[in-house]
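What follows is calculated from the coordinates using simple rules that are stated; it is not laboratory data. As the structure is a computational prediction, the values presented were derived from the model and not from experiment. When we count neighbours, we look across all protein chains shown, and the Cβ atoms used for this are built from the backbone with ideal geometry, even at glycine.
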Amino acid sequence: MGTGRSIKTFLKGLFKVNAATITICIVLLGILAYQRVPFLDLMELKTVDLRFLSRGPVPPGPEVVLAVVDEKS
């Protein structure tokens with residue numbers, strides 16, 4: 001019985017929100033933001049695909065201009 005109680009208090013202390021926990025989380029997120037993690041890159045690309053699918057097709061506006069460069073110019 002004594003072991004179960006100490007595990008509960010350990011887990012409560014581990015997940016307790018305080019200034020140190022918030023600081024550590026922010027630092028870890030900052031490190032992950034500057035590292036190129038392939039899984040996170042893949043997830044970002046998948047969410048971009050989903051956002052475009054949920055938006056649907058958007059016709060181009062009249063402000064789109066096509067600039068063609070050939071050998072004469």
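The table below gives the values:
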| item | result |
| --- | --- |
| Taking the convex hull of Cα positions in the chain, its mean projected area over all directions (nm²) | 11.9 nm² |
| Helix-derived mean residue ellipticity, 222 nm - over the chain, DSSP H n ≥ 4, -39500 (n - 2.57), to 500 | -21500 deg cm²/dmol |
| Estimated dipole of the stretch 2-55 in Debye, rounded to 20 [Cβ of Lys and Arg +1, of Asp and Glu -1, Cα centre] | 340 debye |
| At least 20 Å along the helix axis (C-alpha) and Kyte average at least -0.5, DSSP helices within the chain | 19-34, 38-55 |
| Gained length - Arg36 relative to Leu11, 0.36 nm times residue gap less alpha-carbon distance | 5.9 nm |
| Neighbour cut-off at most 15 other Cβ (10 Å), DSSP loop, chymotrypsin sites (Phe, Trp or Tyr not before Pro), the stretch 1-64 | Phe15 |
| Most mobile of Leu50, Leu42, Leu14 in a GNM of the chain (Cα contacts under 10 Å) | Leu14 |
| Trypsin sites (Lys or Arg not before Pro) within the chain, DSSP loop, no more than 15 other Cβ atoms inside 10 Å | Lys16, Arg36, Lys72 |
| Residue-span extension gain [Ala20 to Arg51] - 0.36 nm each, minus C-alpha spacing | 7.6 nm |
